[in-house]
Number of protein chains: 2
Amino acid sequence: MRRMGPAIVLVGMVAMSAPAMSMDTLVKCHTDDQNWCMQQHDYSAQRYSTLDQVNTKNVGSLQVAWTFSTGVLRGHEGSPLVVGNTMYVHTPFPNLVYALNLDDDKKIIWKYEPKQDPSVIAVMCCDTVNRGLQYGDGKIYLHQADTTLVALDAKTGRELWKVVNGDPKRGETGTGAALVVGDVVMIGVSGGEFGVRGFMTAYDTNTGTRLWRAYSTGPDDEILFDPEKTMSLGKPVGENSSLKTWSGDQWKLGGGSVWGYMSWGPKLNLIYYGTGNASPWNAAQRAGPDGKRIDQKWTASIIARNPQTGIAAWAYQMTPFDEWNYDGVNEMILVDNMDVKGSKHNVLVHFDRNGFGYTLDRATGELLVAEKYDPAVNWSTGVDLDPKSETYGRPAVADSKSTFLNGADVNTLDICPATLGAKDQQPAAYSPKTGLFYVPTNHACMDLEPFKIEYSVGQPYVGATLSMYPPRGESHMGNLIAWDASTGKIVWSNKEQFYVWSGVLTTAGGIACYGTLEGYFKCVDQKDGKELYKNKTPSGIIGNAFAYQHDGRQYIGVYSGVGGWAGIGLAAGLATQYEGLSMGGGFLGLHEYTALGGSLTVWSLP
Amino acid sequence: MRRMGPAIVLVGMVAMSAPAMSMDTLVKCHTDDQNWCMQQHDYSAQRYSTLDQVNTKNVGSLQVAWTFSTGVLRGHEGSPLVVGNTMYVHTPFPNLVYALNLDDDKKIIWKYEPKQDPSVIAVMCCDTVNRGLQYGDGKIYLHQADTTLVALDAKTGRELWKVVNGDPKRGETGTGAALVVGDVVMIGVSGGEFGVRGFMTAYDTNTGTRLWRAYSTGPDDEILFDPEKTMSLGKPVGENSSLKTWSGDQWKLGGGSVWGYMSWGPKLNLIYYGTGNASPWNAAQRAGPDGKRIDQKWTASIIARNPQTGIAAWAYQMTPFDEWNYDGVNEMILVDNMDVKGSKHNVLVHFDRNGFGYTLDRATGELLVAEKYDPAVNWSTGVDLDPKSETYGRPAVADSKSTFLNGADVNTLDICPATLGAKDQQPAAYSPKTGLFYVPTNHACMDLEPFKIEYSVGQPYVGATLSMYPPRGESHMGNLIAWDASTGKIVWSNKEQFYVWSGVLTTAGGIACYGTLEGYFKCVDQKDGKELYKNKTPSGIIGNAFAYQHDGRQYIGVYSGVGGWAGIGLAAGLATQYEGLSMGGGFLGLHEYTALGGSLTVWSLP
């Protein structure tokens, strides 16, 4: 057995409480919904604001209150932050940060413009997006495209410290938002299409000193898994749970990148995040020594870790031996006391790229519910939910949709969902008013043809061509759905013409708001999805709706600025970003609706 | 005497009526205010819409109806056109054109993207602006930065013809909007800061064949002046009126560029436009053979020409021997039957960069009124209005503000207005409801130090350093004023923090609307200037407000997208565009309010 690092021996699974002072400040910020203190709204990532001035009765009267152009053209993911009287606006590369004074006509208090080598753009697979700043204890955390993590003084924009988290020359880039827990700030890495071996890293918020790094693949002491204490589906993972699911050294190029929104639960003191696809996409290159499927842990998985030590409490792999690029990075939404099949659980709800909506007990990692949240999903017939079964937790793969069984250089047709998943980074929201989840989805299928690809440092490492399109016989490519996570059922579903690549906001006013790729901002009734408000913003929306209150007035806002993977054809020209990955027909037509341009639109009642 | 071309001999001052059919189509478009058929709204350039659904009583309830990002960051001057159910949106370089379907959710019917050598940007003095498309008889006319004039099929965006009007390698660029009169489309040229010899050129709308070209400086047969019949202030201009006001060959680098909005009066069949500054700015290099001032005609002048022949009917020079870069290109607004000092006149009203508001009889070119429309103006004590005087029509220059008398390498202080004029390209509007003009002004002064500059083809040819700032003791840099052109008096004046670089719209609803550099769109009461509506757009506004009606609903819109000369510090970075021209303190602070980004915002009542 590889020796575990001393931290594991000393600390194990014992929850460490975060230092009280900075934690309190941050929690206070999060619990006052005049603010919007983190990308996820709160540590549970529910994206539910208790503000109710704007509600189902009056939301139809919303008006544009003010707007702000960011000065950057390409895809704008994430949202601003609001802390007290200041709003923090970010942009895609070059990753500008503006602090706007809400007390003084939105004047720019400070602007931060990092110096970055623009060559990083060449290794950003899916537009030059950035999923947003984070706030903690008077600091704004910016994760630059070049992987630099910068702590800025929230009042002045002064650099307090910065660290380089990865190497763009190896294809490592920064697109995800950090997570701040007490004195620890954690950040992942992007690059699953460049053979990057994914990791999560924790830094001291006061100094930028690295505290720990946990890879997604590799030996136990590098993935920070305890063979005895780290659990999966109720059992210890055992020795080298990752290494023994790979052939040879393939785990070193394993993928398992980390770039989605993360969550934290204070009681168990665990952070939750997902890992990306195994790489390359051509699964044949990752077959086991026997030429058969092999899991490739811990790619396409949910991992729960202690934020102070990094040690994993549990992990669950949604898509073993991924053959479709079904990253597992989508956000984890935490809800307490959910009644599932007659028992109460503190759950984690996760809408995976693979098209299944998962409900797990977040203390144990036990899988409670796994159902298709897009009826088109056909790569799997279902997930085994019987804890006594040998295949507990595993999806049953449909042979006809297996790009591995069909083999390299064979085009497997009509696989649903498409490679960008039934949902991608765009976060869903939960509403305690209805007990439902509001999920922005992609409704698309694909033809995928794998081919052999050689690894070359910093070069695309995909090995597949594909095209994407609406499910056969349908013409729309997105839905906003309301989901019951206790039963795994769609409660209602609203059609959208294009992928819904915008994060949803829910509020105590009973509304759910989101944007569309054409550029519409919409608010619907949480109960039945009835459209109550619609307004055209300057560009297509891939940002996340958010809310705040200032001087007694509630505001709702969203970035527009088309791009991201969903709008890469517009953002980077019709040429694909890297060889071998055709964006196909799924994006056709968007250029008839909108053009590039990053801006923030903020609405309020008259 | 140089021989005049045959056209002059044959046609002289006889007004030719335009071919009826295409003229009728265009006039019909202009007279239906559901459309916004030309940049100037109408041939009189009054910018007055008869729409009154939005009026002083309800304008406060305006809401953002829809928005459209153009995908281009830099300064957005001009406005869209609306012809029937289609809106035509343009951008600065690369000069994209979008046709939007107002009947179908503003879908992009077609997009035109010219191929241009980006090196043209290096010879654009004052941002990469474009003052807009023009429409005529089923064609959309685009004037590209590289001087190419393109006729596009308005329905399909197909190129019908294109001609190259100038040569960017010599500093000739395209920023102005064309003027279409019947089967003639006329376009000028920019480049006054590069030693360009300005000209106006007419092309056949059906074929693109060049009909005539009239330079601003040079021999009679090249400026298309008839010594006997072309008049100035009631007298024939005489032989070689331009040549004999220059030393040697300096007229070949003369300036007199042509890039403002033009007008046309059907009864006299005359077009009216202004010419730019004499070049270089360093006036000493342009002194007469005796070392004294010499006029340098026809720079900084108004010229009236027949659109079919190009022959000038009359001309008037506002700023002889310009020492301050007071281009005369600002728009000419035509009003009939104005009572001036007891007589009725069909007048031309012009707010010059030099700070004087001029009222002329547009049949005779007689000067009726010339008064300061910014009280700060100090370079001149006044313009001689006595037709019997030898100095009739001439400004009296204040010696202390003469950069020529003070000499090269001497910094002349506190000259008002600054070099960008009391008003620049941003067009004023007229309202027949009040009989007043609504003028967006710059309220700034400068220190200017001329220096000797050698001419080199395609290189900046300025010869001056300067700084600009608010008038001493004041802190605001712009005003919106209401002007009585019959008396030359300011009726009311609203302060603005920055230059008002946005064109004004007046409507039958009694409102005057415009934008600000910080990004506010405002509507005020024509009567007293009272602010009735204010809304923050994504970026600073240098575009022109416009109105249209669709499906029975009135809309008001404006481009935002900070830049232009007023925002060049933001648009091109804080560095100046070319050596020797410091933008100085006048722009300080704008970066605290807004960032780049081109978009259209359209408002309507709820």
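Of all residues being assigned to a loop (DSSP other than H, G, I, E, B) and open to solvent by 10 Å² or more (accessible area, probe 1.4 Å) in the stretch A:539-566, which is farthest from A:Asn58 (Cα to Cα)? Just the residue, please.
A:Asp551
Which one of B:Ile453, B:Ile511, B:Ile542 is out of contact with any Ser or Thr (no Cβ under 7 Å at 6 or more places or on another chain) and of a type in the set (A, V, I, L, M)? Walk me through how you get there before you give the answer.
Numbers: B:Ile511 fails: out of contact with any Ser or Thr (no Cβ under 7 Å at 6 or more places or on another chain); B:Ile542 fails: out of contact with any Ser or Thr (no Cβ under 7 Å at 6 or more places or on another chain).
Going through B:Ile453, B:Ile511, B:Ile542 in turn, the sole match is B:Ile453.
Can you tell me which residues in the stretch A:77-103 are within 11 Å of chain B (Cβ to nearest Cβ) and within 18 Å of the chain's Cα centre (by Cα)?
If the condition is that a residue be within 11 Å of chain B (Cβ to nearest Cβ) and within 18 Å of the chain's Cα centre (by Cα), then A:Thr91 is the only one that fits.
Restricting to the stretch A:329-379, and then to whatever is among the β-branched types (Val, Ile, Thr) and assigned to a strand (DSSP E or B), can you tell me which residue is nearest to the chain's Cα centre (by Cα)? Full working, then the answer.
Kept after step one, since they are among the β-branched types (Val, Ile, Thr), are these residues of the stretch A:329-379: A:329, A:333, A:335, A:340, A:347, A:349, A:359, A:364, A:369, A:377.
Keeping just the survivors that are assigned to a strand (DSSP E or B) gives A:333, A:335, A:340, A:347, A:349, A:359, A:369.
Working: A:Ile333: 11, A:Val335: 18, A:Val340: 25, A:Val347: 18, A:Val349: 13, A:Thr359: 17, A:Val369: 20 Å.
Filtering the stretch A:329-379 for residues that are among the β-branched types (Val, Ile, Thr) and assigned to a strand (DSSP E or B), the one nearest to the chain's Cα centre (by Cα) comes out as A:Ile333.
For the stretch B:333-362, which residues satisfy the criterion of being of a type in the set (Val, Ile, Thr) and more than 11 Å from B:Ser486 (Cβ to Cβ)?
The first filter runs over the stretch B:333-362 and keeps only residues of a type in the set (Val, Ile, Thr), leaving B:333, B:335, B:340, B:347, B:349, B:359.
Across the stretch B:333-362, the qualifying residue is only B:Ile333.
Which condition number in (1) under 19 Å from A:Arg362 (Cα atoms); (2) in contact with a Ser or Thr (Cβ under 9 Å, 6 or more places away or on another chain) is the one that A:Lys235 fails?
(2)
For A:Tyr326, only one of the following conditions fails: (1) in contact with a Lys or Arg (Cβ under 8 Å, 6 or more places away or on another chain); (2) open to solvent by 10 Å² or more (accessible area, probe 1.4 Å). What is its number?
(2)
Restrict the check to the stretch B:255-276 and report whether at least one residue is assigned to a loop (DSSP other than H, G, I, E, B), touching a Leu at 6+ places or on another chain (Cβ under 7 Å), open to solvent by less than 10 Å² (accessible area, probe 1.4 Å) and hydrophobic (A, V, I, L, M, F, W, C). Outline the logic, then answer.
From the stretch B:255-276, those assigned to a loop (DSSP other than H, G, I, E, B) are B:256-257, B:259-262, B:266-269, B:275-276; that's our starting set.
Checking which are touching a Leu at 6+ places or on another chain (Cβ under 7 Å) leaves us with B:262.
From what is left, the residues that are open to solvent by less than 10 Å² (accessible area, probe 1.4 Å) are B:262.
Going one step further and asking which of them are hydrophobic (A, V, I, L, M, F, W, C), we end up with B:262.
So far as the stretch B:255-276 goes, yes, one or more of its residues are assigned to a loop (DSSP other than H, G, I, E, B), touching a Leu at 6+ places or on another chain (Cβ under 7 Å), open to solvent by less than 10 Å² (accessible area, probe 1.4 Å) and hydrophobic (A, V, I, L, M, F, W, C).
Hey, among the residues in the stretch B:589-599 that are of a type outside the set (D, E, K, R) and facing chain A (nearest Cβ under 8 Å), which one's farthest from B:Tyr555 (Cα to Cα)?
From the stretch B:589-599, those of a type outside the set (D, E, K, R) are B:589-591, B:593-599; that's our starting set.
Next, only the ones that are facing chain A (nearest Cβ under 8 Å) stay: B:591, B:593-599.
On the way: B:His591: 30, B:Tyr593: 27, B:Thr594: 25, B:Ala595: 26, B:Leu596: 25, B:Gly597: 22, B:Gly598: 19, B:Ser599: 16 Å.
The selected residue is B:His591.
Do you know which residues across the stretch A:486-513 are assigned to a strand (DSSP E or B) and open to solvent by 20 Å² or more (accessible area, probe 1.4 Å)? Spell out the reasoning first.
Here is the first cut: in the stretch A:486-513, the ones assigned to a strand (DSSP E or B) are A:489-496, A:505-507, A:511-513.
Within the stretch A:486-513, A:Lys489, A:Ile490, A:Val491, A:Trp492, A:Ser493, A:Asn494, A:Lys495 meet the criteria.
Take the conditions of a type outside the set (Asp, Glu), free of Cβ contacts under 8 Å to residues at least 12 places away in the same chain and over 30 Å from B:Asp183 (Cβ atoms) and apply them to B:Lys252. Does it pass?
Here the answer is no, as B:Lys252 does not meet what is asked.
Restricting attention to the stretch B:14-69, which residues are more than 25 Å from the chain's Cα centre (by Cα), at pLDDT below 80 and crowded, with 19+ Cβ neighbours inside 10 Å?
Answer for the stretch B:14-69, where residues must be more than 25 Å from the chain's Cα centre (by Cα), at pLDDT below 80 and crowded, with 19+ Cβ neighbours inside 10 Å: just B:Ser22.
Can you confirm whether B:Thr516 is within 12 Å of chain A (Cβ to nearest Cβ), surrounded by 24 or more Cβ atoms within 10 Å (Cβ to Cβ) and at negative phi?
Numbers: within 12 Å of chain A (Cβ to nearest Cβ): yes; surrounded by 24 or more Cβ atoms within 10 Å (Cβ to Cβ): yes; at negative phi: yes.
In short, yes.
Condition first: among the charged types (D, E, K, R) and assigned to a loop (DSSP other than H, G, I, E, B). Now tell me which residues in the stretch B:380-410 satisfy that. Quick ask: steps written out before the conclusion?
Going residue by residue through the stretch B:380-410, those that are among the charged types (D, E, K, R) are B:384, B:386, B:388, B:390, B:394, B:399, B:401, B:409.
Residues satisfying the conditions are B:Asp384, B:Asp386, B:Lys388, B:Glu390, B:Arg394, B:Asp409.
If we scan the stretch A:434-447, do we find a residue that is over 28 Å from A:Met332 (Cα atoms), in contact (Cβ under 8 Å) with a residue 12 or more places away in the chain and either part of a loop (DSSP other than H, G, I, E, B) or among the small types (Gly, Ala, Ser) (or both)? Quick ask: steps written out before the conclusion?
Within the stretch A:434-447, the first condition is being over 28 Å from A:Met332 (Cα atoms), and the residues that meet it are A:447.
Subset that is in contact (Cβ under 8 Å) with a residue 12 or more places away in the chain: A:447.
Okay, now just the ones that are also either part of a loop (DSSP other than H, G, I, E, B) or among the small types (Gly, Ala, Ser) (or both), so none.
Checked against the condition, which is being over 28 Å from A:Met332 (Cα atoms), in contact (Cβ under 8 Å) with a residue 12 or more places away in the chain and either part of a loop (DSSP other than H, G, I, E, B) or among the small types (Gly, Ala, Ser) (or both), the stretch A:434-447 yields no hits at all.
Examine the stretch A:523-536 for a residue that is modelled with pLDDT of 95 or more, within 14 Å of another protein chain (Cβ to nearest Cβ) and under 22 Å from the mean Cα position of the chain (by Cα), and state whether such a residue exists.
Of the residues in the stretch A:523-536, the ones modelled with pLDDT of 95 or more are A:523-536.
Then drop every residue that is not within 14 Å of another protein chain (Cβ to nearest Cβ), which leaves A:533-536.
Then keep just the ones that are under 22 Å from the mean Cα position of the chain (by Cα); that gives none.
For the stretch A:523-536, residues modelled with pLDDT of 95 or more, within 14 Å of another protein chain (Cβ to nearest Cβ) and under 22 Å from the mean Cα position of the chain (by Cα): absent.
Would a scan of the stretch A:411-432 turn up a residue that is open to solvent by 50 Å² or more (accessible area, probe 1.4 Å), acidic (Asp, Glu) and not in a strand (DSSP E or B)?
First, the residues of the stretch A:411-432 that are open to solvent by 50 Å² or more (accessible area, probe 1.4 Å): A:411, A:413, A:432.
Okay, now just the ones that are also acidic (Asp, Glu), so none.
No, the stretch A:411-432 contains no residue that is open to solvent by 50 Å² or more (accessible area, probe 1.4 Å), acidic (Asp, Glu) and not in a strand (DSSP E or B).
Need pairs with beta-carbon distance below 9 Å; first residue of a type in the set (Lys, Arg) and within the stretch B:385-400, second modelled with pLDDT of 95 or more; sequence gap 6+ or separate chains.
If the second residue must be modelled with pLDDT of 95 or more, the pairs left are B:Arg394/B:Gln317; B:Arg394/B:Pro320; B:Arg394/B:Val383; B:Arg394/B:Asp384.
What's the number of the condition B:Leu179 fails, among (1) within 18 Å of the chain's Cα centre (by Cα); (2) open to solvent by 10 Å² or more (accessible area, probe 1.4 Å); (3) of a type in the set (A, V, I, L, M)?
The failed condition is (2).
Which count do you get for residues in the stretch A:248-273 that are polar (S, T, N, Q) and touching an Asp or Glu at 6+ places or on another chain (Cβ under 9 Å)? Before you say what the answer is, go through the steps one by one.
Going residue by residue through the stretch A:248-273, those that are polar (S, T, N, Q) are A:250, A:257, A:263, A:269.
Now narrow it down to the ones that are touching an Asp or Glu at 6+ places or on another chain (Cβ under 9 Å): A:257, A:263.
Residues that pass the stated criteria total 2.
Any chance the stretch B:112-133 includes a residue that's open to solvent by 40 Å² or more (accessible area, probe 1.4 Å), within 14 Å of another protein chain (Cβ to nearest Cβ) and not in a loop (DSSP other than H, G, I, E, B)?
There is no residue in the stretch B:112-133 that is open to solvent by 40 Å² or more (accessible area, probe 1.4 Å), within 14 Å of another protein chain (Cβ to nearest Cβ) and not in a loop (DSSP other than H, G, I, E, B).
Within the stretch A:448-478, restricting attention to residues that are assigned to a loop (DSSP other than H, G, I, E, B) and among the acidic types (Asp, Glu), which residue is surrounded by the fewest Cβ atoms within 10 Å (Cβ to Cβ)? Even if it seems obvious, please write down each step before you answer.
Our first condition is that a residue be assigned to a loop (DSSP other than H, G, I, E, B); within the stretch A:448-478, this holds for A:451-463, A:470-477.
Next, only the ones that are among the acidic types (Asp, Glu) stay: A:454, A:474.
Values: A:Glu454: 9, A:Glu474: 13.
This residue is A:Glu454.
Kindly evaluate B:Glu159 against the criterion of being in contact with a Leu (Cβ under 8 Å, 6 or more places away or on another chain) and at pLDDT below 95.
On the way: in contact with a Leu (Cβ under 8 Å, 6 or more places away or on another chain): yes; at pLDDT below 95: no.
Judged against the criteria, B:Glu159 is not a match.
The values are calculated or read from the model by the stated rules, or taken from the named source; none is laboratory data. Computed from a predicted model, the values in this text were never measured in an experiment. Here the Cβ is made from the backbone with ideal geometry for all residues, glycine too, and neighbour counts use every protein chain on show. Just the protein is used for accessible areas: all its heavy atoms, side chains included, with ligands, DNA and RNA removed. Shrake-Rupley method; radii C 1.70, N 1.55, O 1.52, S 1.80 Å.
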